[in-house]
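Chemist: Pasting a structure below so you can have a look.
We did not get these values from a lab; they are worked out from the coordinates using the rules stated. The model shown is predicted, which means the values in this text are computed figures rather than measured ones. No Cβ is skipped: glycine too gets one built from the backbone with ideal geometry, and neighbour counts run over all protein chains shown.
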Amino acid sequence: MKRVININDYRNLARRRLPPIVFDYLEGGAEDESSLQHNREVLERIRLRSRRLVDVSQRNLHTMLFGSRLAAPLLLSPTGLNGLLWPKGDIILARVAAKHGIPLVVSTASTSTLEDIARSCRAELWFQLYVVHRQLAATLLRRALAAGYTTLVLTADVPVNGYRERDLRNDFRADLRYTPKILWQGLTHPSWTWGRIRHGAPALANLAQGSDASPEVQAALLSRRMDATFDWSALSWLRDLWPHRLLVKGITHPDDAVRCEACGVDGVILSNHGGRQFDACVSPVEILSATARLTKLPIIIDSGFRRGSEIAKVLAMGAQAVGLGRAVLYGLAANGEAGASHAVELIKNELDLALAHLGCASVDHLSSADLLMTSEPGKESSRRPSLTATRT
């Protein structure tokens, strides 16, 4: 395989190995996909100042998050249909998370059951919930609880499914139909096709219709529509139902983070779903500093991260950890477990290099805003937390 030195190399390899319809599913966003570009542009505009004459011969990526010690301030974000990219993709990601000492957030839309994923590794596992139907949601919570998941992540930014035009033009479905177009793409991408032949077509394993499902639940599953009635009172219902840590993912307004705190939520994930749902959405980085000022909740952020230096930027702005999505999936799609693991390693190495260049011996020292500069020369960040503040 071609030598890989950054995440974009894995993206190019994934494009070559996957049929175009599958790569479009992985890569695509909503409507004109301007949010994908905006996420990247916002990160690129942020610049960091370095402190000199600091002993950085030994650097520490470890951090504390919700009382657990992570090997790096990272987690693997919830991503669906990973079995389309590589056979048993979700189980592979669980092993990668365990290897690197970071949590994996298992998606409701995984292609292995949440129980099989839990049995496959010793990673810290969180379960991400899409609310398709309240009865089904309660069933999934009971299963996650029984399987030992430590944290529930409610995805709140999909009241309706995003208008993903690539998928619409491709007539993309989770259960790919063998049309002449798909057959031709399979023939011209034999590595991917061989995996499908050996392991079979992936399915939404957690949403398989059981014989005990009510007709109403079965109808909701068949339509694949989200519960658009889910509101703050429903969040309180969920809080009462789940006895452990609860996070809300998809926050793009600081006031919603404050309201989550009032509802007893344990943390928030600032996210615009990687630009896959609403094309006019702000980048989560744009609300990070304001959210950190308004709430004491731990803040995780995702959407568009490709470099370790970008991780350093948002840690300096007040985030406790960063979720990786496509960056690791490119590695998975290109070279399975080895590729996914190497993708995480690349980002960790880049973060380590960023620490050295910034004059920080620990990721916890990145909480000093005297490292931050905005895109406007001479305009400094107004947020100045303690240099020695520890993440919790």
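Chemist: Which of rounded, prolate, oblate describes the range 229-351, given a ≥ b ≥ c as roots of the alpha-carbon gyration tensor eigenvalues and a/c under 1.5 marking rounded, otherwise prolate only if a/b is larger than b/c?
Modeler: On the way: a/c = 1.98, a/b = 1.63, b/c = 1.21.
Since a/c reaches 1.5 and a/b is larger than b/c, the shape of the range 229-351 is classed as prolate.
Chemist: With no solvent and one equal point scatterer per Cα, compute the Debye intensity ratio I(q)/I(0) for the range 264-310 at 0.18 Å⁻¹ and report its log10, rounded to two decimals.
Modeler: Once normalised to I(0) and log-transformed, intensities are -0.60.
Chemist: Here's something else I'd like to know. Please pull out the direction-averaged projected area of the range 306-346, using the convex hull of its alpha-carbon atoms, in nm² to one decimal place. Mind dumping the intermediate values first?
Modeler: Values: hull surface 10.9 nm².
Hull-based average projected area comes out at 2.7 nm².
Chemist: Compute the distance in nm between two label points, each set 7 Å from the Cα along the Cα-to-Cβ direction, one at Thr139 and one at Asp55.
Modeler: Simple spin-label model gives 6.0 nm for this pair.
Chemist: Please identify the longest segment of the chain free of exposed chymotrypsin sites (Phe, Trp or Tyr not before Pro), where exposed means a DSSP state other than H, G, I, E or B and no more than 15 other Cβ atoms within 10 Å.
Modeler: That gives 179-392 as the longest site-free run.
Chemist: While we're on this one: Using only the Cα atoms, what convex hull volume per residue in Å³ does the range 26-102 have?
Modeler: Numbers: hull volume 12.4 nm³, N = 77.
Considering the Cα atoms of the range 26-102, their hull volume per residue is 161 Å³.
Chemist: Using only the Cα atoms of the chain, each taken as one equal point scatterer with no solvent, compute I(q) by the Debye sum, divide by I(0), and report log10 of the ratio at q = 0.08, 0.12, 0.13 Å⁻¹.
Modeler: Scattering profile of the chain, log10 relative to I(0): -0.40, -0.93, -1.10.
Chemist: Quick one: if the Förster radius is 41 Å, what FRET efficiency do Thr179 and Ala71 give, using the C-beta to C-beta distance and rounding to 0.05? Provide the component values of the computation, followed by the final result.
Modeler: On the way: r = 44 Å, r/R0 = 1.08.
Calculated transfer efficiency: 0.40.
Chemist: Looking at the range 1-66, which GluC sites (Glu not before Pro) are DSSP coil and have at most 16 other C-beta atoms within 10 Å of their C-beta?
Modeler: Those that pass, being in a loop and sparsely packed, are Glu31.
Chemist: If you count the DSSP beta bridges with both ends in the chain, what percent of them are antiparallel, to the nearest 5? Don't skip to the end; give the middle numbers.
Modeler: Working: 6 of 32 bridges.
Counting only bridges with both partners in the chain, antiparallel ones make up about 20 percent.
Chemist: Can you count the Lys pairs in the chain with C-alpha separation below 27 Å, eight or more apart or on different chains?
Modeler: 18
Chemist: Another question about this same structure. Can you tell me which of Leu168, Leu247, Leu324 moves the most in a GNM of the chain? Springs connect C-alpha atoms under 10 Å apart.
Modeler: For the chain, modelled as a Gaussian network with Cα springs under 10 Å, the answer is Leu168.
Chemist: So how far, in whole Å, is the C-alpha centre of the range 1-75 from the one of the range 114-164?
Modeler: Centre-to-centre distance over Cα atoms comes out at 24 Å.
Chemist: Between Thr193 and Glu115, what is 0.36 nm times their sequence separation minus the Cα-Cα distance? Round to one decimal in nm. List each step's numbers first, then the result.
Modeler: Working: separation 78, 0.36 × 78 = 28.08 nm, distance 2.69 nm.
Net length gain for the segment: 25.4 nm.
Chemist: Sorted from largest down, what three extents in whole angstroms do the Cα atoms of the range 79-130 have along their principal axes?
Modeler: 24, 23, 16
Chemist: What are the DSSP H helices in the chain that stretch 27 Å or more along their long axis, judged by alpha-carbon atoms, and whose average Kyte-Doolittle hydropathy comes to at least -1.0? Kindly include the intermediate steps, with their values, before the conclusion.
Modeler: On the way: long enough: 326-358 (33 Å, 0.45).
Membrane-span-like by this rule: 326-358.
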